[in-house]
Amino acid sequence: MDRTLSLSKMGLIIGIPLLILGMMVCLVNTSFFSEQTSKLSVGITFDLLLTMPLVYFLLIRKTSIPKTTIVPVIILGMVVGSIILPAQNQYYLNLFKTWIFPIIELSIISFVIYRVYKAIKHFKRHTIESVDFFETMKTTCYEILPQKMVAPVVMEIAVFYYGFIDWKKRKLEENEFTYHKNSGAITLLAAIILIVAIETVVLHILLLKWSALAAWILTGLSIYSGIQLFGFLRSMYKRPISIKKDKLFLRYGIMNETTIGLNHIDRIEVSSKDLVWNKESRKLSFLGELESHNVIIYLKKEYTLIGLYGVKRSYKNLAFYVDNTMAFKKKIDEAMNQYVL
């Protein structure tokens, strides 16, 4: 019965806004609309941008569906309005796109950041361990955003946060280990950023002779890529590998991460030997074979490696780099003896 009621409720939540949308599309294709195009365009614009989102909000306000899902409904209304309304009758639609929607976007981003800030303060008050911004942000966003939106939103905020805000030197705890100092990853990423910058300038000059628009689009994409890489690079300083109680947290900045139960570790090798890279054996580094490894961990069961934008890949053997391999191996052995045996 509960499942039936739940399905019925979901049917209403999805169906009623779509019904409003369908009615607007049908109205545009009537002779009545042709006779009263100017007046009806205003009404349709307000129905798509205000009535439909408001009805959706009223339907979800007492459910567990995040209120932020109203944003995709507004975007759907804008897209449909742009398609069905004559260009000369999109004045209020364009006004909404230019002034109102950016305010909505900024408000939601500010709300997410505020929630993350509050969560971090809460965790700092109740724990003596270092707080991981990326993990805290994911936890917070899962509470206020649709699940499919979490990974891209978290990644974009994290790139900006690690790249341009969090420059305070991080003090390592006894159970934390770096992996970027001697691996060559920082040098490689810095070189890639430099190459992107040089290529952007050269291609921009060449494309200007053909199309100014294409030149600036490519430049914008290149700058965006450079910012992403810089955020990736900086996140490696802030997200060390750590061992906490009965779990091993393996991180490669915000690019890759996985959490392993110590009781599922078969053995650990301090080794740089090559493996056959496949669905069973993977590297923690997103740079793959461009970066070396000096530790290989073999597991008793399959685990999941979470990559950029939430992409998941399974593995049983994982190779990665640790700056202080002996201290890492010793700490793992101590933790396994304490929590597993």
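Contact list please: Cβ distance under 6 Å, first residue in the stretch 63-90 and within 26 Å of Ser8 (Cα to Cα), second residue among the β-branched types (Val, Ile, Thr) and not in a loop (DSSP other than H, G, I, E, B), pairs at least six apart or on different chains.
Cβ pairs passing all conditions: Pro66/Ile144; Thr68/Ile108; Thr68/Ile144.
Quick one: what pairs do we get from the stretch 10-35, first residue on the phi > 0 side of the Ramachandran plot, second surrounded by fewer than 12 Cβ atoms within 10 Å (Cβ to Cβ), C-beta under 7 Å, 6+ apart or different chains?
none
For the list (1) farther than 26 Å from Val153 by Cβ; (2) surrounded by 12 or more Cβ atoms within 10 Å (Cβ to Cβ), I need the number of the one condition that Ser34 fails.
(2)
Every residue, every condition in (1) loosely packed, with under 15 Cβ neighbours inside 10 Å; (2) within 17 Å of the chain's Cα centre (by Cα); (3) touching a residue at least 60 places away in the same chain (Cβ under 8 Å); (4) in a helix (DSSP H, G or I), yes or no:
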| site | (1), (2), (3), (4) |
| --- | --- |
| Thr200 | no, no, no, yes |
| Leu203 | no, no, no, yes |
| Leu207 | no, no, no, yes |
| Trp210 | yes, no, no, no |
| Ala214 | yes, no, no, yes |
| Ile223 | yes, no, no, yes |
| Arg234 | no, yes, yes, yes |
| Arg251 | no, yes, no, no |
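Taking the conditions exactly as written (acidic (Asp, Glu) and crowded, with 17+ Cβ neighbours inside 10 Å), does Glu176 satisfy them or not?
So Glu176 passes the test.
Working only within the stretch 275-297, note down all residues that are touching a helix residue (DSSP H, G or I) at 6+ places or on another chain (Cβ under 9 Å), of a type outside the set (Gly, Ala, Ser) and not in a strand (DSSP E or B).
Residues satisfying the conditions are Trp277, Phe286, Leu287, Leu290, Glu291, Asn294.
So if I check each of Leu218, Leu229, which one is surrounded by fewer than 21 Cβ atoms within 10 Å (Cβ to Cβ) and within 19 Å of the chain's Cα centre (by Cα)? Can you show your working first?
On the way: Leu218 fails: within 19 Å of the chain's Cα centre (by Cα).
Only one candidate passes the filter, namely Leu229.
Where in the stretch 23-118 are there helices (runs of 4 or more DSSP H), lying fully within it, with 1 or more residues that are among the aliphatic types (A, V, I, L, M)?
Details: elements: 31-35, 37-46, 52-60, 70-84, 91-95.
Where helices (runs of 4 or more DSSP H) fall fully within the stretch 23-118 and carry at least 1 residues being among the aliphatic types (A, V, I, L, M), they are 37-46, 52-60, 70-84, 91-95.
Please work out which residue is nearest to Lys245 (Cα to Cα), limiting yourself to the stretch 117-134 and to residues that are crowded, with 16+ Cβ neighbours inside 10 Å and either at pLDDT below 75 or in contact with a strand residue (DSSP E or B) (Cβ under 6 Å, 6 or more places away or on another chain) (or both). Reasoning before the result, please.
Start the filter on the stretch 117-134 by keeping residues that are crowded, with 16+ Cβ neighbours inside 10 Å, which leaves 119-120, 123, 130, 132-134.
From what is left, the residues that are either at pLDDT below 75 or in contact with a strand residue (DSSP E or B) (Cβ under 6 Å, 6 or more places away or on another chain) (or both) are 119-120, 123, 130.
On the way: Ala119: 22, Ile120: 21, Phe123: 18, Ser130: 14 Å.
Here the residue is Ser130.
Which one of these does Leu318 not meet: (1) modelled with pLDDT of 95 or more; (2) farther than 14 Å from Leu248 by Cα?
Tallying (1) modelled with pLDDT of 95 or more; (2) farther than 14 Å from Leu248 by Cα, Leu318 fails exactly one: (2).
Can Ala335 be described as buried (at least 18 other Cβ atoms within 10 Å of the Cβ), part of a helix (DSSP H, G or I) and of a type outside the set (Ser, Thr, Tyr)?
yes
In the stretch 59-68, which residues are at pLDDT below 85 and either among the polar types (S, T, N, Q) or open to solvent by less than 40 Å² (accessible area, probe 1.4 Å) (or both)?
Going residue by residue through the stretch 59-68, those that are at pLDDT below 85 are 62-68.
Matches in the stretch 59-68: Thr63, Ser64, Ile65, Pro66, Thr68.
Just a yes or no: is a residue in the stretch 292-311 open to solvent by 20 Å² or more (accessible area, probe 1.4 Å), in contact (Cβ under 8 Å) with a residue 40 or more places away in the chain, closer than 17 Å to Gly184 by Cα and not polar (S, T, N, Q)?
For the stretch 292-311, residues open to solvent by 20 Å² or more (accessible area, probe 1.4 Å), in contact (Cβ under 8 Å) with a residue 40 or more places away in the chain, closer than 17 Å to Gly184 by Cα and not polar (S, T, N, Q): absent.
Show the residue pairs meeting these rules: Cβ distance below 9 Å; 6+ apart or different chains; first residue within the stretch 317-333 and farther than 14 Å from Arg267 by Cα; second residue of a type in the set (Asp, Glu) and surrounded by 15 or more Cβ atoms within 10 Å (Cβ to Cβ).
Taking only residues 6 or more apart or on different chains, the pairs are Tyr321/Glu291.
The values are calculated or read from the model by the stated rules, or taken from the named source; none is laboratory data. What you see is a predicted model, and the numbers here were worked out from it, not measured in a lab. For neighbour counting, all protein chains shown are included, and Cβ atoms are generated from backbone atoms with ideal geometry for every residue, glycine included. For the accessible areas, the whole protein counts, side chains as well, though only heavy atoms, and no ligand, DNA or RNA atoms are used. Shrake-Rupley method; radii C 1.70, N 1.55, O 1.52, S 1.80 Å.
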